[in-house]
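The values are calculated or read from the model by the stated rules, or taken from the named source; none is laboratory data. The shown structure was predicted, so the numbers you read here are calculated from the model rather than taken from an experiment. All Cβ positions, glycine included, derive from the backbone under ideal geometry; neighbour counts span all protein chains shown. With ligands, DNA and RNA removed, areas are computed over all heavy atoms of the protein, side chains included. Shrake-Rupley method; radii C 1.70, N 1.55, O 1.52, S 1.80 Å.
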Protein chains: 2
Amino acid sequence: MTTVGILGTGIVGRTLAARLAELGADVVVGARTADSQSLEQLAELNVGTGSFADAAGHGDLIINATNGLHSLAVLESVGSDALVGKTLVDVANELQPVEGGLPKPVVAADASLAQRIQDAYPDTFVVKSLNTMGCHVMVNPSIVAGDHTVFLSGDDAGAKQRVQELLASFGWRPEQMLDLGGIDTAAGPELMMTAWIRVMIARGFDGTFNWAVNSA
Amino acid sequence: MTTVGILGTGIVGRTLAARLAELGADVVVGARTADSQSLEQLAELNVGTGSFADAAGHGDLIINATNGLHSLAVLESVGSDALVGKTLVDVANELQPVEGGLPKPVVAADASLAQRIQDAYPDTFVVKSLNTMGCHVMVNPSIVAGDHTVFLSGDDAGAKQRVQELLASFGWRPEQMLDLGGIDTAAGPELMMTAWIRVMIARGFDGTFNWAVNSA
C-alpha cells in the first residue's frame, strides 16, 4: 500500500488512521503543530505523527480530514510544493456552528469545498469522497446492511482509480462506488450533510447508517 | 378520500393529479388563470381544472407542485383565507436556472422553502414531503426496488398523519416513511436536490431511482 498523510486529528482523522494502520499502511497524521496534544491520543495507533506539513510530505496519498471551515487555511500552511502531483482525498464538510441550532453548511451548489481546493491547487488531484457518512461507516462499510453508496467526484481518472483502491481496501465493493463525474459534482454530496444530520437525529442520534441509491 | 387541490400544471402536478384521479380522489388542478392552455393537457385526466384559487378552495388537502421559485407568489395570489386550517403538502424544489450549468438550489439550511411557506401562513399546516424523488416514483414507489425512503417534515402531527395516509394510498409502506421532525428539518431534503441531479446524470439521465437510508 502507498504512503498516506492524513490532515486532521479529529475523530475522522483518527478513525481513518487506525483503519489504515490496521491494513498495514504507512501513515502519518498531521496536526497544526508537531507537538500538538491531540497527537498524544494517536500514540496507541501504529501511525506516525507530526505537523500538517509532515503528514503532507509523507504521503503519496493525502487525506483532508480537517474541519472544512479550516481546510483551505491548513492546505495553505502546508504549501503547494508538498501537494504537487499527489492525490488528495477530500472527506471534509464545511459546517458553520449555529448558536442554539444545527451546524449549517456554508457550501453553495457552485462553490463546493472540494472545488475551491482544486481551484487553489491545480497541480493536485482532488477527489471528493466519503463525506456523506459517519467515519465508522467510511472505514468499515460492512457495518451497514445492503448496497449503500459512496460517491466520488474528481477531474482525474487516475486519481479516482487510486481512491477506489483505497475504498476497496476498506471493504467497499465496486457496485457500491458511484462516480458522479468531475470535481464540479462535489457540491451534491457536500449539500447532503444537512439531511444526514436530520436523519441521524430522527434515528435517536444514531449515525450508523448510510445513503443508498435504489433503482428499478 | 378527501378532496385535493393541486397547485401547478407541470409534470409533477399532472402526475400527482392523474394518480389521485386513478385512486378515485376528487381533484382540482390549478394554474395561474382558469383558462390556461396548460390545463387543456389535463382534459384526459378525470380531474377538474381552474385557477390556483379554484384548486386551493376545492381541496381539504392542498399540494404545492409549483416551481419553487414561484411558490410564495402563487400562494399569495391564492390568499390566506383559502389556506386556513388546511394541510399543505409542499413537494416543490426551488432551483435557480444557471446558464450553461445545472439548476442551483437557492434554499439555505435555515431558510427552506417549506419553512418560509409555514412562516407566511401560520394557520396552515405545511408538510414537506416527496421532493427528493422524481414524480413517477412519488406516486408509484413500487417501481423502485427495496425499502427506499420518503421524508416528512412538519410541525403538526395531525397534518403529517394525513400526508402519511396520502403516501400510503400511493403505495408507500410505513417503514419507508421517515419523519424528520418539525418543518425546520425540511432544509435537509431540499438540499438533497443537487445530489439528486448529479446521480440522475451519472445514471445516464435516468431518474427512476430513490434515496434509501440503510443501517446496521
Being of a type outside the set (Val, Ile, Thr) and either open to solvent by less than 40 Å² (accessible area, probe 1.4 Å) or more than 10 Å from every other protein chain (Cβ to nearest Cβ) (or both) is the requirement here; does residue A:146 meet it? no
Would you please name the residue that is surrounded by the most Cβ atoms within 10 Å (Cβ to Cβ), looking only at residues in the range B:1-10 that are under 20 Å from residue B:40 (Cβ atoms) and out of contact with any helix residue (DSSP H, G or I) (no Cβ under 6 Å at 6 or more places or on another chain)? B:8
How many residues does the range A:182-216 contain that are more than 7 Å from chain B (Cβ to nearest Cβ) and in a loop (DSSP other than H, G, I, E, B)? 7
Among (1) open to solvent by less than 40 Å² (accessible area, probe 1.4 Å); (2) touching a Leu at 6+ places or on another chain (Cβ under 7 Å); (3) not in a helix (DSSP H, G or I), the one test that residue B:179 misses: (1)
Got at least one residue in the range B:96-107 being of a type in the set (Gly, Ala, Ser), surrounded by 18 or more Cβ atoms within 10 Å (Cβ to Cβ) and modelled with pLDDT under 95? no
Does residue B:114 fit the bill of being closer than 28 Å to residue A:134 by Cβ and either among the basic types (Lys, Arg) or within 10 Å of another protein chain (Cβ to nearest Cβ) (or both)? no
Can you pull out every residue in the range A:150-165 that is open to solvent by 10 Å² or more (accessible area, probe 1.4 Å) and either facing chain B (nearest Cβ under 9 Å) or hydrophobic (A, V, I, L, M, F, W, C) (or both)? A:157
Residues that are farther than 25 Å from residue B:213 by Cα and without any contact (Cβ under 8 Å) to a residue 60 or more places away in the chain, drawn from the range A:99-123: A:99, A:100, A:116, A:117, A:119, A:120, A:121, A:122, A:123
In the range A:108-119, what residues are crowded, with 23+ Cβ neighbours inside 10 Å and closer than 18 Å to residue A:193 by Cβ? A:109, A:112, A:113, A:114, A:115, A:117
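One line per residue, one yes/no per condition, for (1) more than 20 Å from residue B:159 (Cα to Cα); (2) of a type in the set (D, E, K, R); (3) touching a residue at least 40 places away in the same chain (Cβ under 8 Å); (4) assigned to a loop (DSSP other than H, G, I, E, B):
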residue: B:15; (1), (2), (3), (4): yes, no, yes, no
residue: B:24; (1), (2), (3), (4): yes, no, no, yes
residue: B:29; (1), (2), (3), (4): yes, no, no, no
residue: B:33; (1), (2), (3), (4): yes, no, no, yes
residue: B:62; (1), (2), (3), (4): no, no, yes, no
residue: B:67; (1), (2), (3), (4): yes, no, yes, yes
residue: B:93; (1), (2), (3), (4): yes, no, yes, yes
Being open to solvent by less than 20 Å² (accessible area, probe 1.4 Å), part of a strand (DSSP E or B) and over 30 Å from residue B:97 (Cα atoms) narrows it down to one of A:75, A:39, A:88, so name that one. A:88
Out of (1) open to solvent by 20 Å² or more (accessible area, probe 1.4 Å); (2) within 14 Å of chain B (Cβ to nearest Cβ), what's the single condition that is false for residue A:122? (2)
Determine whether the range B:127-134 contains at least one residue that is within 14 Å of chain A (Cβ to nearest Cβ), of a type in the set (Gly, Ala, Ser), closer than 26 Å to residue B:31 by Cβ and not in a helix (DSSP H, G or I). yes
Scanning for something of a type in the set (A, V, I, L, M, F, W, C), in contact with a Pro (Cβ under 9 Å, 6 or more places away or on another chain) and part of a helix (DSSP H, G or I), does the range A:156-167 turn up at least one residue? yes
